[in-house]
Amino acid sequence: MEAATLRAPAATRPGAAVAERSWRDPAYQAFVLLRVGFTVAPIAFGLDKFFNVLVHWEKYLAGWINDILPGDAFDAMHIVGGVEIAAGLLVALKPRYGAYVVAAWLGGIIVNLLTYSGYYDIALRDFGLMLGALTLGRLAAKFD
């Protein structure tokens, strides 16, 4: 048997280079789409927490969370906005870690919405987003 056939593929050898980034690779395309999406969306929504152009975000904050945070719901949304902007920037810079930060943040939002009656549809949407963020984290293990 030839020596070349016994050798492990380059991607599995210790010290192998990062996975090839080819625009023809559907996995890489998915990674880029998710990375851009989970960079832009948290930053955009985080900025909107300061300006309330898209929606008045305070209405989504469960009372029990408002009670444990300093200040009022308006102040809490500024904190939330700052965290979301930071999470989006982390995804842009290091998606391998940022994706899981975004997924955890979305998990917290889901808990908030499930404990505040009337926003179950938005909690379900955020669950889908959380799955997307987790997928980005897995793809980033290959491409980041």
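Return only the number of the condition from (1) without any contact (Cβ under 8 Å) to a residue 24 or more places away in the chain; (2) exposed (fewer than 14 other Cβ atoms within 10 Å of the Cβ); (3) within 18 Å of A41 (Cβ to Cβ) that K94 does not satisfy.
Of (1) without any contact (Cβ under 8 Å) to a residue 24 or more places away in the chain; (2) exposed (fewer than 14 other Cβ atoms within 10 Å of the Cβ); (3) within 18 Å of A41 (Cβ to Cβ), only one is false for K94: (1).
What are the pairs, 6+ residues apart or on separate chains, where a residue within segment 24-40 that is over 13 Å from F143 (Cα atoms) and at pLDDT 95 or above has its Cβ under 6 Å from a residue that is in a helix (DSSP H, G or I) and of a type outside the set (A, V, I, L, M, F, W, C)?
T39/G88
Only residues that are farther than 21 Å from R125 by Cα and either charged (D, E, K, R) or in contact with a Pro (Cβ under 9 Å, 6 or more places away or on another chain) (or both): list them for segment 45-79, please.
Those that are farther than 21 Å from R125 by Cα and either charged (D, E, K, R) or in contact with a Pro (Cβ under 9 Å, 6 or more places away or on another chain) (or both): D67, D72, D75, A76, I79.
May I ask you to say which residue of K59, K49 is out of contact with any strand residue (DSSP E or B) (no Cβ under 6 Å at 6 or more places or on another chain), part of a helix (DSSP H, G or I) and closer than 28 Å to V32 by Cβ?
K49
State which residue pairs qualify: first residue free of Cβ contacts under 8 Å to residues at least 40 places away in the same chain and inside segment 49-71, second residue assigned to a helix (DSSP H, G or I) and basic (K, R) in any location, beta carbons under 6 Å apart, and separation of 6 or more residues or different chains.
W57/K49
Looking at segment 109-120 only, could you name the residues that are loosely packed, with under 14 Cβ neighbours inside 10 Å and either more than 18 Å from N66 (Cβ to Cβ) or under 13 Å from the mean Cα position of the chain (by Cα) (or both)?
Within segment 109-120, Y120 is the sole residue that qualifies.
The values are calculated or read from the model by the stated rules, or taken from the named source; none is laboratory data. Everything numeric here is computed off the predicted structure, so don't read it as measured data. Don't worry about glycine lacking a Cβ; one is built from the backbone with ideal geometry, like all the others, and counts go over all protein chains shown.
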